[in-house]
Amino acid sequence: MLIGLAARKAKAVRLHQGLAETPHRAVVPGPVLAQVWRPDPATVHAMSAALKECTVPQARSSPTALRPTAAGQVECIACATAPDITDWRRIGTVLGNADLPAKKRPDAVDAIVAWTAVKHRSAVVFTSDPGDIGAYVEAIGAEDVHIVTV
């Protein structure tokens, strides 16, 4: 999704704009941001604009996961809670157990995306790699993660 936003692809831009009204901001795990970020001006500009409406869990300068409401500021427990050793082990296990598409190699960043989606229950993952993300979600054993190809 971030690659699509950086390239200003129409579908990615429309989907991202649609997320602006949701109570929970789009989640961009830190490793995903690191994998996509490049120091060229066009990417910096596009990513900086998109990230204003996203949350990067555990990042100090990131917007909060949940938008403020009339009832006050609440917090997303899944975003506010750092992974523990057991979580990192589970992600590693998923890397080893996922039935990836042919010619694909295990990718820790994709596994982190799947794990983050599973933690959020009924999450939607926007990706250009639906086969990879789907394989990790399946290896985790979740049935309530929805994958949308961008």
Report summary line: If you go through Val124, Val44, Val145, the only one that is free of Cβ contacts under 8 Å to residues at least 12 places away in the same chain and either open to solvent by 60 Å² or more (accessible area, probe 1.4 Å) or among the aliphatic types (A, V, I, L, M) (or both) is Val44
Report task. Enumerate the pairs (first residue in segment 67-82 and under 13 Å from Arg25 (Cβ atoms); second residue anywhere and part of a helix (DSSP H, G or I) and among the basic types (Lys, Arg)) with beta-carbon separation below 8 Å, excluding pairs fewer than 6 apart on the same chain, so at least 6 apart or on different chains. Result -> Ala78/Lys119
Report task. Can you give me the number of residues within segment 60-70 that are of a type in the set (S, T, N, Q), part of a loop (DSSP other than H, G, I, E, B) and under 22 Å from Arg121 (Cα atoms)? Result -> 2
Report summary line: Given (1) closer than 22 Å to Val145 by Cβ; (2) under 17 Å from the mean Cα position of the chain (by Cα); (3) not in a helix (DSSP H, G or I), Ala111 misses just (3)
Query raised in the report: Of all residues in segment 88-105, which are touching a residue at least 24 places away in the same chain (Cβ under 8 Å) and among the basic types (Lys, Arg)?
Result: Arg90, Lys104
Query - Filter result for Leu51 (within 14 Å of Pro29 (Cα to Cα) and in contact (Cβ under 8 Å) with a residue 12 or more places away in the chain) - result: yes
Report task. Among the residues of segment 71-92, write down those that are part of a helix (DSSP H, G or I) and either in contact with a Ser or Thr (Cβ under 8 Å, 6 or more places away or on another chain) or buried (at least 16 other Cβ atoms within 10 Å of the Cβ) (or both). Result -> Ala78, Cys79, Arg90, Ile91
Query raised in the report: Is segment 91-113 home to any residue that is at positive phi and either touching a His at 6+ places or on another chain (Cβ under 8 Å) or at pLDDT 95 or above (or both)?
Result: no
Query raised in the report: Can you name the condition, by its number, that Val150 falls short on among (1) at pLDDT 95 or above; (2) within 14 Å of the chain's Cα centre (by Cα); (3) crowded, with 18+ Cβ neighbours inside 10 Å?
Result: (1)
Requested in this report: Collect the residues in segment 93-112 that are of a type outside the set (D, E, K, R) and open to solvent by less than 30 Å² (accessible area, probe 1.4 Å), keeping them in residue-number order.
Outcome: Val94, Ala98, Val109, Ala111, Ile112
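The values are calculated or read from the model by the stated rules, or taken from the named source; none is laboratory data. Computed from a prediction, not measured in an experiment: that's the story for all the values here. Heads up, the Cβs are rebuilt from the backbone with ideal geometry, glycines too, and the neighbour counts pull from every protein chain shown. Ligands, DNA and RNA are stripped out before the accessible areas are found, and what is left, the full protein with its side chains, is counted by its heavy atoms. Shrake-Rupley method; radii C 1.70, N 1.55, O 1.52, S 1.80 Å.
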